[in-house]
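The values are calculated or read from the model by the stated rules, or taken from the named source; none is laboratory data. What you are looking at is a predicted structure, and each value in this text was computed from that prediction instead of being measured. Cβ atoms come from the backbone with ideal geometry, glycine included; neighbour counts cover every protein chain shown.
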Amino acid sequence: MHIEQRGSGPDLVMLHGWSMHSGVWHELADRLANRFTLHLVDLPGHGLSDWQPAAFDLDNLLPALADKLPQRAVWLGWSLGGLLSLAFAQQYPVRVSKLNLMAATPRFVQGPDWPCAMQSEIFENFAASLDVNQQQTLQRFLMLQAKGVDNSRATIRDLSERLAIQHSPAPAALHAGLDCLLKLDMREALANLSCPVQLLLGTRDTLIPAAMAEYARRLNPALQVVMLEGLGHAPFIAQAAACQQQIEQFIDG
């Protein structure tokens, strides 16, 4: 697994979202590297990380991350990366000093007791279309992330450029990531976390309804919630400075 280390200061692990790679953090990483030692992870089959069968199974992925990352660090996970960060914090609680969940949720699909999420059919349709035209499917997902937000064209262009910098994700890795979004339920992990947790959400996120924050607070009343006005599923692309400010205040706090 490829992990780039840069900057100086306290350790900060950063996990990207579905279909992307660590380069997506570029502007935010440049800002945070002035104060923190960043550990920029390319998840299996993404960026510069090779793909091995079953690499996204938590029994394989979490020990692999534990083996390569600091013994104790702040973790920052975006979208799928947030879901996996929750799983890591549940499995290795002493390894996570603080957890920032950016545009992330403990459960991405709706259920009888979890209405504040997407319909499972959306992810299932993405999985089906991957086998037909992977590049078109990824572009559709980028457009969904930026839909309805301020400067949506700039966000789509930036995400597209970041995606193109590295090799295309391995098809099996994309399917495995979608499987995580469909099946993982980390609500118990969020409820039982002992470390401080911050939730950064865009008010116009089309993948995670703003109402999810209240349901998350019911699971963990100590949860710190920040709503970023006018931003969508990739707030650090549109407003890197605002995200940096909130992250640093949370870590310093």
Search result, residues across segment 178-199 that are touching a residue at least 60 places away in the same chain (Cβ under 8 Å), assigned to a helix (DSSP H, G or I), out of contact with any Pro (no Cβ under 8 Å at 6 or more places or on another chain) and farther than 16 Å from Met102 by Cβ:
Leu178, Asp179, Cys180, Leu182, Glu188, Asn192
Segment 1-49, residues that are among the β-branched types (Val, Ile, Thr) and in a strand (DSSP E or B):
Ile3, Val13, Thr37, Val41
Taking Thr137, is it modelled with pLDDT under 95 and buried (at least 16 other Cβ atoms within 10 Å of the Cβ)?
yes
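Quick check: anything in segment 50-62 within 21 Å of Phe250 (Cβ to Cβ), outside any strand (DSSP E or B) and touching a residue at least 12 places away in the same chain (Cβ under 8 Å)? Spell out the reasoning first.
To start, the set of residues in segment 50-62 that are within 21 Å of Phe250 (Cβ to Cβ) comprises none.
No, segment 50-62 contains no residue that is within 21 Å of Phe250 (Cβ to Cβ), outside any strand (DSSP E or B) and touching a residue at least 12 places away in the same chain (Cβ under 8 Å).
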Taking the criterion of being over 21 Å from Arg95 (Cβ atoms) and either modelled with pLDDT under 95 or in contact with a Ser or Thr (Cβ under 7 Å, 6 or more places away or on another chain) (or both), would at least one residue in segment 185-202 satisfy it?
yes
Looking only at residues that are part of a helix (DSSP H, G or I) and closer than 28 Å to Ala240 by Cα in segment 91-125, which one is modelled with the highest pLDDT?
Arg95
Any residue in segment 205-234 that is more than 19 Å from Glu188 (Cα to Cα) sitting within a Cβ distance under 6 Å of a residue that is of a type in the set (Asp, Glu) and outside any helix (DSSP H, G or I)? List the pairs, counting only those 6 or more apart or interchain.
Gly230/Asp150; Gly232/Asp205; His233/Asp205
Selection within segment 72-93 - within 18 Å of Ala191 (Cβ to Cβ), out of contact with any Pro (no Cβ under 9 Å at 6 or more places or on another chain) and of a type in the set (A, V, I, L, M)
Leu84, Ala87, Ala89
Tell me the residue from Ala222, Ala210, Ala216 that is within 22 Å of Gln119 (Cβ to Cβ), at pLDDT 95 or above and either part of a helix (DSSP H, G or I) or out of contact with any helix residue (DSSP H, G or I) (no Cβ under 8 Å at 6 or more places or on another chain) (or both), please.
Ala216
